[in-house]
1. Output wanted: per-residue J couplings in Hz (rounded whole) for region 559-570, from phi through Karplus 6.51 cos²θ - 1.76 cosθ + 1.60, θ = phi - 60°, x for Gly and Pro.
2. Could you go through region 441-455 in sequence order and give the Karplus-derived ³J(HN,Hα) for each residue, using 6.51 cos²θ - 1.76 cosθ + 1.60 with θ = phi - 60°, rounded to whole Hz, and x for Gly and Pro?
3. Which pairs break 27 Å Cα to Cα here: K323/K423; K167/K330; K91/K321; K421/K496; K330/K421?
4. With a/c under 1.5 counting as rounded, go ahead and sort region 673-749 into rounded, prolate or oblate using the C-alpha gyration tensor (a ≥ b ≥ c being the square roots of the eigenvalues; past the cut-off, prolate if a/b is larger than b/c, else oblate).
5. Starting from the amide H of I473, placed 1.01 Å from N in the peptide plane, find each other amide H under 5 Å away whose residue is 5 or more places distant or on another chain.
6. Which order do E52, E254 fall in if you start with the one that has the fewest other Cβ atoms within 10 Å?
7. Quick one: if the Förster radius is 45 Å, what FRET efficiency do Q653 and I440 give, using the C-beta to C-beta distance and rounding to 0.05?
8. Tell me whether region 241-333 comes out rounded, prolate or oblate; compute the Cα gyration tensor, take square roots of the eigenvalues as a ≥ b ≥ c, and use a/c under 1.5 as the rounded threshold.
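Values quoted throughout were computed directly from the atomic coordinates according to the rules given, and no laboratory measurement underlies them. The model shown is predicted, which means the values in this text are computed figures rather than measured ones. When we count neighbours, we look across all protein chains shown, and the Cβ atoms used for this are built from the backbone with ideal geometry, even at glycine.
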Amino acid sequence: MNAAFNSKTEDSPRTSPDVSLEARLEAAARVSAAHFERMLDYLSYLPASDIELVRQAWHYADKAHTNQWRSSGDPYITHPIAVTTICAHWKLDAPALMAALLHDAMEDCGITKQDLADRFGPVVADLVDGLTKLDKLHFNTREESQAESFRKMLLAMAKDVRVILIKLADRTHNMRTMGDMPRSKWGRIASETLEIYAPIAHRLGLNQTYRELQDLSFHYQNPWRYATLEKAITKSRARRHDLVLRVQNEIAAEFDRVNMSVRLAGRESTLYSLYQKMLRHHLTFAQVTDIYGFRIIVPTVTDCYTALGILHQMYKPVPGKFKDHIAIAKSNGYQSLHTMLVGPSGVNIEFQIRTEPMHIVAEAGIAAHWLYKSQGKQESLNTKWLQSLLDIQTETNDATEFWDNVKVDLFPDSIYVFTPKSKIMAMPRGATVVDFAYAIHSNIGHHTVSALINGEPASLRTELKSGDVVQIITDDNATPNPVWLGFVKTGRARSKIRNYLKTAAHSESMVLGETLLTQALREEGIAAIPANDEANQPLWNAVLLKANSPSREDLLTDIGMGRQAAGWVARHFMALLASQGQRPDAVLLSQERFASSSQRSRSTVALDGNSNASVRYAACCRPVPGDAVVAYLGRGDGLHVHNAQCINAKRLQATDSERLVPVEWAEDSSQKLYDSGLSVTIHNQKGVLARVATELSDANVDIRRLEMDDEAAMQTTELRFIVSVHNQQQVEAALRSLRRIPTVVRASRILPLE
C-alpha cells in the first residue's frame with residue numbers, strides 16, 4: 001500500500017497578509033461566532049455546564065488560530081467547529097467535543113500538551129495528543145514517519161475510541177471541502193482516505209461515514225467516472241420513480257393489513273459501490289439491477305422474522321441472497337436481516353430488516369455507545385479489534401511492521417466459525433486454522449499441532465469457511481513454525497508468531513554465544529566466563545563498552561548469531577584481566593592449544609537435532625547423526641552445520657577457518673528426525689516408482705518430497721527424494737534396500753562433492 005498516513009489533508013493554516021488585517025480579523029471573528037452558534041443547536045443533549053466547557057474550548061481555539069486561514073479563504077477556526085459539529089451528531093461527550101475544537105492547536109499553534117492539560121484537564125490533552133503527528137521526531141524515511149504517526153493514532157484510539165471518531169470527523173470535513181485544495185493533491189488524499197480511513201470507519205461500524213468517505217474519495221480520485229455514473233443514476237432514478245413508489249405503497253399496505261407497525265425507508269446504492277460492482281463483475285450500468293433497496297425498521301427482533309415472512313410471500317426471493325446478521329452479528333456489531341427479492345418488472349430489490357436499536361448501531365457503529373448513553377441505554381459493541389491493536393503493539397516494536405499487521409484486519413469481509421462448544425468466532429475471510437488458534441488464545445496458537453474441521457483432520461494452512469466447526473489439537477512441546485508466517489491472515493497471529501520466534505532466537509543464540517565464549521576463553525587460559533556479579537561489574541562494563549553492546553545478554557546473543565567474534569571478546573577479557581595482574585592458567589592453555597579435538601569436548605557445541613535461529617543444518621548436504629560434521633559461524637545468522645565431505649564445508653575450511661566451530665552429535669540426537677537427500681537412478685519401467693516407494697517405507701523412511709526429470713522417453717530417469725531419517729545407519733540401510741531392486745541403476749546420498 002502506497003498511501004500516506006498524514007494526520008492532515010489540509011495545507012498548514014495560512015497567515016493573512018497585512019493588507020486590511022484588522023478588518024479581516026473582525027470579519028473572521030464574526031464568522032467564527034456565527035459558526036459556533038449554529039453548532040450549539042446540536043448540543044442540546046449536554047447539560048449547561050458541559051456546554052460552557054465547550055464554549056471555553058472554542059474561545060481558546062479561536063484565539064490560537066487567529067490570522068490562520070484555510071485554502072478556501074475561510075478563517076481556519078471554521079474547520080475545527082465543523083469537525084465538532086460532526087462529533088455532536090454522534091452525541092459525543094464534552095471532552096471529545098473540546099478535543100475536536102482543539103485538535104489542531106498543538107500541531108499548528110505552538111501549544112503544548114501540558115498547556116492543554118493545565119487549561120482543560122489531562123483527558124482532553126490526551127485526546128488532542130493522540131491526534132497530533134510526530135513531526136518533531138527524526139525518521140530515516142517519509143514512510144517510516146507516516147507509519148509511526150499512524151501507529152500513534154491507532155494506539156491512542158485503542159485506549160480511547162474518541163480519538164478515531166474525532167479523526168474520522170476531521171477527515172470527513174476535509175474531504176467535503178477538498179475542492180478548495182490544489183487538484184494535484186486530490187489523488188493522494190483520496191487514495192489515503194479510501195485505503196485507510198474508510199476501512200477503519202467500516203471496521204468500527206460507522207456505516208454512514210464509511211459510505212460518504214468512499215463516495216467523496218471516488219469523486220476526487222476519478223472525477224470523470226464519478227460524473228458519468230452520477231448522471232446515469234440520476235436518469236435511472238427518474239425512470240424508476242414510479243416503480244419504487246409502487247413497491248413502497250404495496251409494502252406499506254401489506255403491513256397495515258397485518259396490523260404491524262413499521263418504518264419504511266428507501267436506500268440507494270452509493271456510486272462507489274456501484275462502480276466497484278461494475279468492475280468486479282464486468283457489467284455495464286444498465287446490467288446492474290440491484291441499485292435500490294429498502295430498510296424496514298420494526299419494534300422487536302421477533303417482528304424482524306415476521307416481516308421477512310411477509311415480504312417473501314409478496315415477492316419471490318432470489319436464491320442464495322438471504323443473510324441472517326441478527327443471529328450471527330458482524331464483528332463490528334452490525335445486526336440486520338438481508339434478503340434480495342424480485343420486484344415488479346423483474347427488478348431485484350434488497351431489503352434490510354432491523355429494529356430501531358439495530359438501525360442506530362448500523363449507521364453509527366461504535367459511536368452508538370454515546371447515542372445509547374444519551375437515551376439512558378447501554379449497548380455492548382464488539383470492540384475486540386481495538387484491544388487487538390494493543391496486543392499487536394506489545395509484540396511489535398517496528399512501526400511499519402505494526403501497520404503491516406493492522407491493515408490485514410482493516411478490511412471487513414468476515415466469516416463465522418464455531419468452537420466445539422458452539423461459541424461463534426468472527427474471522428477475516430481467508431483466515432486459516434492457525435489464525436483461529438491464535439484468536440482463541442496465544443498459548444493455544446503457540447502449541448498447535450493439528451486440527452479437526454467438522455470432525456475431519458485438516459492441514460493447519462486450511463482456509464476456514466462460514467459454519468465450520470474447528471477443534472484445535474495442541475502439544476505442550478510444540479512451538480510456532482516460521483512457515484506459518486507465509487499463510488496466516490490476521491495481524492494478531494502474525495505479530496504473536498513473530499514475537500515468539502524473535503524471543504526464541506534471542507534465547508537460543510544467547511546459549512550458543514555462552515558456549516562459544518567459554519570455548520574461546522579456555523583457549524586464552526581462562527576456565528570460565530567471569531560471573532555477572534558486583535565484583536566483576538567493572539570488567540563486564542569495559543568489555544561491553546569495547547564491544548558496543550548494551551548488556552551481557554546482548555553480547556552473548558551477538559556472539560551466538562555470529563555478529564561478534566568470540567575470540568575477539570575473549571582476548572579483550574584476557575587483556576583486562578592481565579592489566580589487573582591475573583595470568584592465564586598455563587595447564588589449561590597448553591591443554592586447549594595442543595590437545596586433540598576429542599580432548600576438548602567440554603567446549604564443543606553439542607548438536608541435538610533442533611534447527612533454530614542459532615543452529616541450522618545446511619540444505620546443500622543435509623547432515624544426519626553419524627556423519628562427520630563441521631560448523632561455520634555465519635555473520636549474523638548463527639551456526640551452519642555441514643557434512644564434512646561437502647564441498648562447501650571444505651571451501652569454508654580453506655578460506656575462513658577462523659569462523660569454524662567444533663561440534664559433535666549429542667547422545668540423544670538420533671531420537672529426532674532429519675532431512676536427507678537421496679538420488680535414485682532407475683530404468684523407466686511400469687511400477688518402478690511404486691517399488692522404490694515401498695522399499696523406502698519398509699525401511700521406515702518417510703518421503704517428504706520427490707523430484708524427477710521430465711524424461712519419459714529416456715531409458716533411465718533420476719529420482720531425487722528428500723526423506724526423514726534418524727541417523728546415518730538408517731540412510732545406509734535404505735540405500736542397500738534400493739540397490740537390491742533390479743530396475744535401480746544407482747542409489748546414493750545427495751552430497752555436493754568435488
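1. In residue order, the calculated couplings are 5, x, 8, x, 7, 9, 7, 4, x, 4, 5, 4 Hz.
2. Once rounded to whole Hz, the list reads 6, 4, 5, 4, x, 4, 9, 5, 10, 6, 7, 10, 10, 6, x.
3. K91/K321
4. Details: a/c = 2.07, a/b = 1.65, b/c = 1.25.
Prolate.
5. It is V449, S450, A451, L452, by chain and number.
6. Working: E52 12, E254 16.
Listing E52, E254 from fewest to most nearby Cβ atoms yields E52, E254.
7. Computed FRET efficiency for Q653 and I440 comes out at 0.35.
8. oblate
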